[in-house]
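The values are calculated or read from the model by the stated rules, or taken from the named source; none is laboratory data. Note that the coordinates shown come from a computational prediction; the quantities given were computed from them, not determined experimentally. FYI the Cβ positions are ideal-geometry reconstructions off the backbone, even for glycines, and counts take in every protein chain you see.
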């Protein structure tokens with residue numbers, strides 16, 4: 001008896017929904033389409049208990065296999081491959097942007113004519129820079145660096161070589177440990 005009550009309640013709810021949609025939609029082809037769709041839903045809800053009573057339950061899950069549509073497992077694996085590809089592409093793009101920024105930082109060091117950088121990014125987490133490799137070529141600076149001022153007779157601090165100055169600038173800019181930043185100096189001719 002409870003099943004019959006639920007069945008009548010479902011059909012009456014669908015009929016009320018059909019009437020509400022019929023009043024809501026304008027008098028166009030969309031209204032005819034909505035009538036068709038709701039009519040099919042009402043027909044399905046009326047026939048489903050009768051088919052179940054007769055023992056001929058409709059198999060809705062088999063329709064996708066007959067229509068040539070992939071099953072859920074195939075769709076999920078394809079989505080997983082797509083997500084992995086997008087994550088790898090995002091990490092590669094991020095590593096390229098970090099390398100360009102490292103080149104720009106290296107070019108701010110006096111005495112650097114050109115710079116080429118490569119960045120390694122951790123695939124785990126949010127893309128942390130794990131290693132920075134920069135190759136610089138010395139070049140003529142347009143402005144001569146200011147000589148250190150000696151106060152009280154102390155010797156001036158050592159200027160350091162170009163690679164160390166570039167490494168110091170990169171460590172400060174990227175907040176990386178010094179051992180994760182490698183700088184090599186190329187000869188100006190190539």
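What the table shows:
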{"quantity": "Criterion violated by residue 38 - all others in (1) more than 30 Å from residue 4 (Cα to Cα); (2) modelled with pLDDT under 90 satisfied", "calculated": "(1)"}
{"quantity": "Residue ID - nearest to residue 51 (Cα to Cα), chosen from residues in region 1-41 that are more than 41 Å from the chain's Cα centre (by Cα), surrounded by 11 or more Cβ atoms within 10 Å (Cβ to Cβ) and in contact (Cβ under 8 Å) with a residue 24 or more places away in the chain", "calculated": "7"}
{"quantity": "Yes/no for residue 127 being in contact with a strand residue (DSSP E or B) (Cβ under 6 Å, 6 or more places away or on another chain) and at pLDDT below 85", "calculated": "yes"}
{"quantity": "Sole residue being at pLDDT 90 or above and outside any helix (DSSP H, G or I), chosen from 115, 104", "calculated": "115"}
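Residue by residue, here is whether (1) modelled with pLDDT of 80 or more; (2) closer than 30 Å to residue 73 by Cα; (3) in contact with a helix residue (DSSP H, G or I) (Cβ under 7 Å, 6 or more places away or on another chain) holds:
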| residue | (1), (2), (3) |
| --- | --- |
| 3 | no, no, no |
| 15 | yes, no, yes |
| 21 | no, no, yes |
| 43 | yes, no, no |
| 52 | no, yes, no |
| 57 | no, yes, yes |
